[in-house]
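Here the structure comes first, spelled out in structure tokens, and everything after it is commentary.
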Amino acid sequence: MRIGELAARAGTTTRTLRYYEARGLLPARRDDKGHRTYDEDDVRLLRQIRTLQDFGFDLEETRPFVECLRAGHPEGDSCPASLAVYRRKLDELDALVGQLRAVRESVAEQLRRAERARDELAAEAQVPGGPEPACELGGATR
């Protein structure tokens, strides 16, 4: 098949395919007229790349999976190098989850602090001569 058909079947663009070719991820085969030619293995290879990228893998991280497919394995993640990439990605994701948990706890603590301050201000406003509650959003005060 030609580059346009491969792009359509893989759900990508011809420009992306040329980029993958330049990066050595997609084979650069040509027919006798100089046109790029592809086969079903290339469709499978591109689906592997796309799936991994959808999971957050960068393009270089897909290389071991591509090489595994090219070596004739039925799945791109059945080779030791692919498994190592999975492990590194899981470690990276675990670290990000930890960072997000810490940020979430900081935001939750800020919310608790702000609600206490609001409640204290509201209680003081109930006292005769107490302060008027103010809202700074949009510059309006109450």
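Please verify whether ASP77 is in contact with a Leu (Cβ under 9 Å, 6 or more places away or on another chain) and farther than 21 Å from THR16 by Cβ, treating the condition exactly as stated.
yes
Of the residues ARG36, ARG47, ARG70, which is open to solvent by 40 Å² or more (accessible area, probe 1.4 Å) and within 22 Å of the chain's Cα centre (by Cα)?
Matching residue, one of ARG36, ARG47, ARG70: ARG47.
Is one or more of the residues making up segment 95-106 loosely packed, with under 13 Cβ neighbours inside 10 Å, closer than 30 Å to ALA10 by Cβ and at pLDDT 90 or above?
Yes.
Here are some residues: LEU52, LEU26. Which one is of a type in the set (A, V, I, L, M, F, W, C) and either touching a residue at least 60 places away in the same chain (Cβ under 8 Å) or not in a helix (DSSP H, G or I) (or both)?
Only one candidate qualifies: LEU26.
Go through GLU60, GLU5 for me and flag whichever is within 27 Å of ALA84 (Cβ to Cβ) and either open to solvent by 50 Å² or more (accessible area, probe 1.4 Å) or not in a helix (DSSP H, G or I) (or both).
GLU60
The values are calculated or read from the model by the stated rules, or taken from the named source; none is laboratory data. No experiment lies behind these values; they were computed from the predicted model shown. Cβ coordinates were reconstructed from backbone atoms using ideal geometry, including for glycine residues, and neighbour counts include every protein chain displayed. Ligands, DNA and RNA are stripped out before the accessible areas are found, and what is left, the full protein with its side chains, is counted by its heavy atoms. Shrake-Rupley method; radii C 1.70, N 1.55, O 1.52, S 1.80 Å.
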